[in-house]
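Structure record follows, encoded as structure tokens.
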Amino acid sequence: MKITMVKKIFADGSPCKKCGEVEEKMRLAGQLERIDQTVVADESNPESEGMVLAAEHGIDRAPFFVVERDGEPTQIYTVYFKFVKEVLDAETSEEDEIAEIMNDVDLDFL
Amino acid sequence: MSSITNIVDIDSELATQSPQEILRYALENFDNIAISFSGAEDVVLIDMAYKIRKDIQVFSLDTGRLHAQTYRFIEAVRNHYDIKIDLVMPEAAKVEKLVKEKGLFSFYQDDHKECCGVRKIAPLRKQLLTVDAWITGQRKDQSPGTRAAVPAMQDDKAFARPDDSLTKFNPLANWTSKQVWDYIRQNNVPYNELHDEGYVSIGCEPCTRPTGPGQHEREGRWWWEEATMKECGLHAVNISK
């Protein structure tokens with residue numbers, strides 16, 4: 001299995017806050033060791049490795065994880081807690097999961 | 001149905017179709033599917049769906065903080081269509097803990113996320129574990145900054161059951177507010193009386209206010225929070241497929 005983490009850099013060169021938070025969380029949990037490579041999606045450079053991967057898989061958010069297993073279709077995870085649970089077999093708390101959803105979902109339609 | 005390729009292909013096809021055609025596709029392809037009804041103008045979904053299938057499942061998130069007018073409206077819709085509307089409520093212990101620790105209006109000091117997490121997201125997650133697909137009233141014009149790309153159909157990874165898929169339909173994605181209101185008027189669809197008082201987007205009472213001429217509807221929600229750039233989006237103006 002090969003895991004690639006894609007994190008974003010804004011067009012003005014500043015780092016993506018959520019990508020940093022996820023990376024720190026993974027570092028504290030010892031999960032970064034499970035990541036085979038980290039690539040950058042640089043919004044100012046469509047040829048950057050992360051932007052090319054995003055285009056290839058139709059992904060419009062970051063961070064995201066590309067999971068490749070021999071003989072199986074490539075899987076993409078845009079939701080961190082899903083990735084942690086389903087790929088790394090690790091536990092996450094309901095509070096953390098809800099907090100992640102809150103960051104990604106506009107709630108005015110509910 | 002659940003493969004990403006299929007969903008993208010079907011979405012491309014549905015994207016050019018009317019809300020009614022999208023709804024028909026959704027209701028004919030999923031038995032266990034529910035409409036999420038906010039108690040606002042998304043009532044058009046109920047009207048359209050009811051004309052396709054009488055046994056529609058509808059749920060509303062009852063946060064405990066809705067306007068009295070919204071509760072009356074939900075009841076009026078229930079009676080008008082003679083349908084069941086499941087009111088999905090937050091876990092009492094979690095609400096009690098939040099209120100005990102931070103009071104009833106903590107969202108004005110912090111932000112709305114903690115309260116919405118307890119009162120909306122947690123109950124919504126629980127509800128969505130019971131269905132294979134859901135239907136929302138999301139439209140592109142509700143939030144041009146963050147919702148410009150809302151598809152007609154999508155693979156909902158955030159709320160899907162573990163190792164399973166959940167399909168989300170947004171039949172009104174390409175409609176404007178005016179089209180929604182034209183439909184309401186032309187079809188005599190009941191609507192929330194708050195709309196006559198200047199409310200456009202309607203949510204919980206403390207977090208919703210009427211908007212004035214020229215204001216975007218989002219300015220009536222969580223107005224004390226600074227509008228910030230969505231951190232998660234890849235602003236892919238330059239992404240070429």
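Name the residues in the range A:22-48 that are more than 12 Å from the chain's Cα centre (by Cα) and within 13 Å of another protein chain (Cβ to nearest Cβ), would you?
Within the range A:22-48, A:ASP42, A:GLU43, A:SER44, A:ASN45, A:PRO46, A:GLU47, A:SER48 meet the criteria.
Can you confirm whether A:PHE109 is facing chain B (nearest Cβ under 8 Å), free of Cβ contacts under 8 Å to residues at least 60 places away in the same chain and buried (at least 21 other Cβ atoms within 10 Å of the Cβ)?
yes
Listed residues B:VAL58, B:VAL8, B:VAL43; which is without any contact (Cβ under 8 Å) to a residue 40 or more places away in the chain, among the hydrophobic types (A, V, I, L, M, F, W, C) and closer than 30 Å to B:GLY198 by Cα?
Values: B:VAL8 fails: closer than 30 Å to B:GLY198 by Cα; B:VAL43 fails: without any contact (Cβ under 8 Å) to a residue 40 or more places away in the chain.
Of B:VAL58, B:VAL8, B:VAL43, the one residue that is without any contact (Cβ under 8 Å) to a residue 40 or more places away in the chain, among the hydrophobic types (A, V, I, L, M, F, W, C) and closer than 30 Å to B:GLY198 by Cα is B:VAL58.
On the basis of being more than 30 Å from B:GLU41 (Cβ to Cβ), facing chain B (nearest Cβ under 9 Å) and buried (at least 16 other Cβ atoms within 10 Å of the Cβ), does A:PHE83 make the cut?
The answer is no for A:PHE83.
For the range A:27-59, enumerate the residues that are surrounded by 16 or more Cβ atoms within 10 Å (Cβ to Cβ), of a type in the set (A, V, I, L, M) and without any contact (Cβ under 8 Å) to a residue 12 or more places away in the chain.
A:MET51, A:VAL52, A:ALA55
Inspect all residues belonging to the range B:200-221 and state whether any of them is within 12 Å of chain A (Cβ to nearest Cβ) and under 30 Å from A:PHE83 (Cα atoms).
Checked against the condition, which is being within 12 Å of chain A (Cβ to nearest Cβ) and under 30 Å from A:PHE83 (Cα atoms), the range B:200-221 yields no hits at all.
Which residue out of A:THR78, A:THR92 is under 29 Å from B:LYS113 (Cβ atoms), more than 8 Å from chain B (Cβ to nearest Cβ) and touching an Asp or Glu at 6+ places or on another chain (Cβ under 9 Å)?
Unique residue meeting the criteria: A:THR92.
Under 8 Å between Cβ atoms, which residue pairs at least 6 apart in sequence (or on different chains) link something in the range B:136-150 that is closer than 19 Å to B:LEU61 by Cβ and at pLDDT below 90 with a partner that is among the aromatic types (Phe, Trp, Tyr) and surrounded by 13 or more Cβ atoms within 10 Å (Cβ to Cβ)?
B:GLN142/A:PHE109
Can you name every residue in the range B:220-237 that is farther than 25 Å from A:VAL79 by Cβ and at pLDDT below 85? Break it down stepwise before answering.
Just the residues of the range B:220-237 that are farther than 25 Å from A:VAL79 by Cβ, to begin with: B:220, B:223-224, B:226.
Hit for the range B:220-237 is B:GLU226, nothing else.
Among (1) surrounded by 20 or more Cβ atoms within 10 Å (Cβ to Cβ); (2) in contact (Cβ under 8 Å) with a residue 24 or more places away in the chain; (3) within 12 Å of chain A (Cβ to nearest Cβ), where does B:PRO171 come up short?
Single failed check for B:PRO171: (3).
The values are calculated or read from the model by the stated rules, or taken from the named source; none is laboratory data. Predicted model only: the values in this text are computed from it and were never measured. Counting neighbours? That spans all protein chains shown, and the Cβs are built from the backbone with ideal geometry, glycine included.
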